[in-house]
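This report concerns only the one structure given below.
The values are calculated or read from the model by the stated rules, or taken from the named source; none is laboratory data. Keep in mind it's a predicted model, so treat the numbers as computed, not measured. Backbone-built Cβ (ideal geometry, glycine too); neighbour counts: all protein chains shown. Heads up: the accessible areas ignore ligands, DNA and RNA and are worked out on the full protein's heavy atoms, side chains in. Shrake-Rupley method; radii C 1.70, N 1.55, O 1.52, S 1.80 Å.
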Amino acid sequence: MAEKGVSLSVDDYVDEIVAKKGRHVYKEGLSEKDWEREIQDVPLFMTEFPDDGAEVSDAISALQALKLEDETADGRATCFKEEGNDYFKKKQYRQAIIAYTEGLKEKVEDAQLRVVLLSNRAATQYRLGNNRSAFSDCQRAVVLNPQHLKAFVKGAEASNAMGHNKVTVEWCDNVLRIDPGNKNILEMRQSADKAFRLEERNRRKEAREEQKKQAEEKKLEEAIRSRSIVLATDEKVRRRFAENEGDDDDRDRVMADLAALEQSVPQGSRVQLDADGVLHWPVLFVYPEHHQTDFIQAFDERARFRDHINVMFGERAPWDESHQYTPSSVSVRSHHRLLQVAGGTEFSVR
């Protein structure tokens, strides 16, 4: 009877409250149509982590903060590592990187835990194609633990992806020091070593060609100077060369001016010095009123303009209907002032 009395008293009390307050509809519950999705926001019923970048409920955020509140630095870092691993398994790589990075921010006492966080983040960066960041993390990891196989493997893969063949060989050697039978690394090392040897051969070839080119340019510049020809647009440079005081910088500027002169003639034509020490100049004859030109690719310095003109206009040119161009009527005039010959005469053999 006592229990029945209590029940009646509670019922009466509830009825009294309802009568005073009125009926209240609970609006924050699950909706009838979408309750299966909404229940995933309730931590107790969650079956998986939220998607990468998705907003989480206040309850989840609060639980995450509560989970780490009483942990040590090593404990918090471990939690972040596990969280990153879960994201990695789901291929949510950017979220995984965030988690590993948070773990690395902790002042952990366990050096191996830091090594694992670094190598895991490196593996994640590698999946995203961030090879430079991945390699950097691997470098930091092996400094802490020179026997950490995963860091060496990922470092080798990242450097190989960047095309750093020499570095790849070195990192593959470190992997094989720990794991001699790693077939993938053996193949990677063989390929990178072959590519590196080819690079070295091409580098040596380019160096020889550059040395040969510089030697030829020096001989050409000396041959031009020995003829008292100063090829320069800068008056100060011209004067220094005329007085045999030009330095290496002046020579570079003179060769640049020579290149500028060569650009005014058909492509591939340039001043040449033959084995007998004779200069050959590319020469362009311009007949502006007829919009015509003649080009001599290698004008022997020992030849005279008159010799070429006699050959060129010994017969009437097809475009010269009035026969104005004859050996006796043609004169040669300078087009610009790049060449200076001893005695003060300036002209161009363009």
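Out of GLN125, GLN147, GLN139, which single residue is without any contact (Cβ under 8 Å) to a residue 40 or more places away in the chain and not in a helix (DSSP H, G or I)?
GLN147
Of all residues in the range 82-94, how many are under 15 Å from LEU118 (Cα atoms) and either open to solvent by less than 50 Å² (accessible area, probe 1.4 Å) or among the aliphatic types (A, V, I, L, M) (or both)?
Here the count works out to 4.
Applying the selection to the range 177-195, what residues are assigned to a helix (DSSP H, G or I) and open to solvent by 50 Å² or more (accessible area, probe 1.4 Å)?
Taking the range 177-195 as the starting set, the residues that turn out to be assigned to a helix (DSSP H, G or I) are 177-178, 183-195.
If the condition is that a residue be assigned to a helix (DSSP H, G or I) and open to solvent by 50 Å² or more (accessible area, probe 1.4 Å), then ARG177, ILE178, LYS183, ASN184, LEU186, GLU187, ARG189, GLN190, SER191, LYS194 are the ones that fit.
What are the residues in the range 196-222 that are over 19 Å from VAL271 (Cα atoms), open to solvent by less than 100 Å² (accessible area, probe 1.4 Å) and out of contact with any Ser or Thr (no Cβ under 9 Å at 6 or more places or on another chain), if any?
LEU198, GLU199, GLU200, ASN202, ALA207, listed by residue number.
Which ones in the range 312-331 are in a loop (DSSP other than H, G, I, E, B) and in contact (Cβ under 8 Å) with a residue 12 or more places away in the chain?
As a first pass, look at the range 312-331 and keep what is in a loop (DSSP other than H, G, I, E, B): 313-331.
Within the range 312-331, PHE313, GLY314, ALA317, TRP319, ASP320, TYR325, THR326, PRO327, VAL330 qualify.
With the requirement that a residue be more than 19 Å from GLU199 (Cβ to Cβ) and open to solvent by 20 Å² or more (accessible area, probe 1.4 Å), what does the range 143-171 give you?
Initial filter on the range 143-171 (more than 19 Å from GLU199 (Cβ to Cβ)): 143-155, 157.
Selection gives VAL143, LEU144, ASN145, PRO146, GLN147, HIS148, LEU149, LYS150, VAL153, LYS154, GLU157.
Test each condition in (1) open to solvent by less than 30 Å² (accessible area, probe 1.4 Å); (2) modelled with pLDDT under 95 for LYS105 and report the one that comes out false.
In the conditions (1) open to solvent by less than 30 Å² (accessible area, probe 1.4 Å); (2) modelled with pLDDT under 95, LYS105 misses (1) alone.
This table checks each residue for (1) modelled with pLDDT under 85; (2) closer than 30 Å to SER329 by Cα.
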| residue | (1), (2) |
| --- | --- |
| ILE229 | yes, yes |
| ARG239 | yes, no |
| GLU245 | yes, no |
| VAL254 | yes, no |
| GLN267 | yes, no |
| ASP300 | no, yes |
| MET312 | no, yes |
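Which members of the range 265-311 meet the condition of being among the hydroxyl-bearing types (Ser, Thr, Tyr) and either part of a loop (DSSP other than H, G, I, E, B) or surrounded by fewer than 10 Cβ atoms within 10 Å (Cβ to Cβ) (or both)? Let's see the steps before the verdict.
Within the range 265-311, the subset among the hydroxyl-bearing types (Ser, Thr, Tyr) is 269, 287, 293.
Within the range 265-311, just SER269 meets the criteria.
Regarding ASN174, is this residue within 30 Å of ARG203 (Cα to Cα), assigned to a helix (DSSP H, G or I) and either open to solvent by 50 Å² or more (accessible area, probe 1.4 Å) or in contact (Cβ under 8 Å) with a residue 60 or more places away in the chain (or both)? Break it down into steps so the answer makes sense when it comes.
Details: within 30 Å of ARG203 (Cα to Cα): yes; assigned to a helix (DSSP H, G or I): yes; either open to solvent by 50 Å² or more (accessible area, probe 1.4 Å) or in contact (Cβ under 8 Å) with a residue 60 or more places away in the chain (or both): no.
Here the answer is no, as ASN174 does not meet what is asked.
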